[in-house]
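Read through the structure below, which is laid out as structure tokens, and then see the notes.
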Amino acid sequence: MLIAGNWKMNGDPSSLEEFGRMIARAPEAAAKGVDLVVCPPAVLIAKCADRATVSMIAVGGQDCHPDPSGAHTGDISAEMLAACGARYVIVGHSERRTDHGETDALVAKKAEAAQRGGLVAIVCVGETEAERDAGDALAVVKRQIEGSLPATLDPAGLVLAYEPVWAIGTGKTPSIDDIAEMHAHIRALLESRFPAVPVLILYGGSVKPGNAAEILAVDNVDGALVGGASLKADDFLGIALAAPNHG
């Protein structure tokens, strides 16, 4: 079970105190067999990684450029993230796809770059509310998975995160049956592609301590990608401790 926190464009040096509280409570999650990852803004990655060196919590980036270096003002490579102590990187988040026009093909290049840099790629997929209302959710996610995973990808360095776009930060969540249907669909797609290596599938979209236990108990849900609730240690650990015991 993996619980990953995406701080998005939130946090400053004072946030290190909250991260320290997460580190202090990480053994509680580990006792249940739950791994923790926090993806802070790029300016905090090195400081968080330095604090987490001997703890039961990993640090990740929120994005990476496909190239290892070059004239790409404002971008960060997977190799740079790794050098700062990151072990994971989120690619293809819907906010990147929407705000920056990222395509499946670009996400695939970023996932490939993550592997090249020695990072685990958390590849995000998910439908809009209009696509779900039109009955296209399964087809959309299938297309995104097929287009966002490069042919060379090692499944050992992959986590797949399903985040319905309409549920991110809105307080809305799909029904438990909808989550189960989508995760079973994703599991079948991944098993057909990677029959020998199980890939973790996370659910994301308004996950909170109050709904985490029900969501994390669904078949084929191997954890959560958490947004706003990952900014506070009590909320983040509350979600992790709501997971079924895998210890």
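Restricting attention to the range 136-153, the residues being at pLDDT below 95 and surrounded by fewer than 15 Cβ atoms within 10 Å (Cβ to Cβ) number 2.
None of ALA161, ALA180 is of a type in the set (Gly, Ala, Ser) and either loosely packed, with under 13 Cβ neighbours inside 10 Å or over 20 Å from ALA111 (Cβ atoms) (or both) except ALA180.
Candidates in the range 126-135 are the residues that are loosely packed, with under 15 Cβ neighbours inside 10 Å and of a type in the set (D, E, K, R); of these, the one that is farthest from LYS109 (Cα to Cα) is ASP133.
Applying the selection to the range 97-143, what residues are touching a strand residue (DSSP E or B) at 6+ places or on another chain (Cβ under 6 Å), closer than 19 Å to GLY61 by Cβ and not in a strand (DSSP E or B)? Hits for the range 97-143 are VAL107, LYS110, ALA111, ALA114, LEU119. The single residue among GLY171, GLY228 that is more than 21 Å from ALA26 (Cα to Cα) and either loosely packed, with under 14 Cβ neighbours inside 10 Å or not hydrophobic (A, V, I, L, M, F, W, C) (or both) turns out to be GLY171. Restricting ALA105, ALA113, ALA58 to residues that are without any contact (Cβ under 8 Å) to a residue 60 or more places away in the chain, closer than 21 Å to PHE194 by Cα, surrounded by 18 or more Cβ atoms within 10 Å (Cβ to Cβ) and among the small types (Gly, Ala, Ser) narrows the list to ALA113.
Give the residues of the range 203-225 that are surrounded by 20 or more Cβ atoms within 10 Å (Cβ to Cβ) and small (Gly, Ala, Ser), sorted by residue number. Within the range 203-225, GLY204, GLY205, SER206, ALA212, GLY223, ALA224 qualify.
Whether a residue is buried (at least 18 other Cβ atoms within 10 Å of the Cβ) and among the acidic types (Asp, Glu) was assessed, and ASP12 does not pass this test. In the range 213-226, the residue that is nearest to the chain's Cα centre (by Cα) out of those that are outside any loop (DSSP other than H, G, I, E, B) and aliphatic (A, V, I, L, M) is LEU225.
With the requirement that a residue be outside any helix (DSSP H, G or I), surrounded by fewer than 18 Cβ atoms within 10 Å (Cβ to Cβ) and under 20 Å from the mean Cα position of the chain (by Cα), what does the range 187-202 give you? Within the range 187-202, PHE194, VAL197, PRO198 qualify. Scanning the range 5-26 for residues that are among the basic types (Lys, Arg) and closer than 22 Å to LEU202 by Cα, we see that the one that is modelled with the highest pLDDT is LYS8. Only strands (runs of 3 or more DSSP E) whose full extent lies in the range 1-91 are considered here, and the ones with at least 3 residues that are closer than 20 Å to ALA108 by Cα are 88-91.
Results for (1) among the acidic types (Asp, Glu); (2) in contact with a Cys (Cβ under 7 Å, 6 or more places away or on another chain), shown as yes or no for each residue.
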| position | (1), (2) |
| --- | --- |
| GLU17 | yes, no |
| ALA30 | no, no |
| CYS39 | no, no |
| ILE45 | no, yes |
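All of GLY210, GLY147, GLY238, GLY171 fail the test of being small (Gly, Ala, Ser), assigned to a loop (DSSP other than H, G, I, E, B) and either over 15 Å from the mean Cα position of the chain (by Cα) or under 28 Å from MET56 (Cα atoms) (or both), apart from GLY171. Counting just the residues of the range 66-84 that are surrounded by fewer than 18 Cβ atoms within 10 Å (Cβ to Cβ) and touching a residue at least 40 places away in the same chain (Cβ under 8 Å), which one comes out farthest from GLU102 (Cα to Cα)? Ranking the candidates gives PRO68 first.
The values are calculated or read from the model by the stated rules, or taken from the named source; none is laboratory data. Predicted, not measured: the structure shown is a model, and the values here were computed from it. Cβ sites come from the backbone with ideal geometry, for glycine too, and all protein chains shown count toward neighbours.
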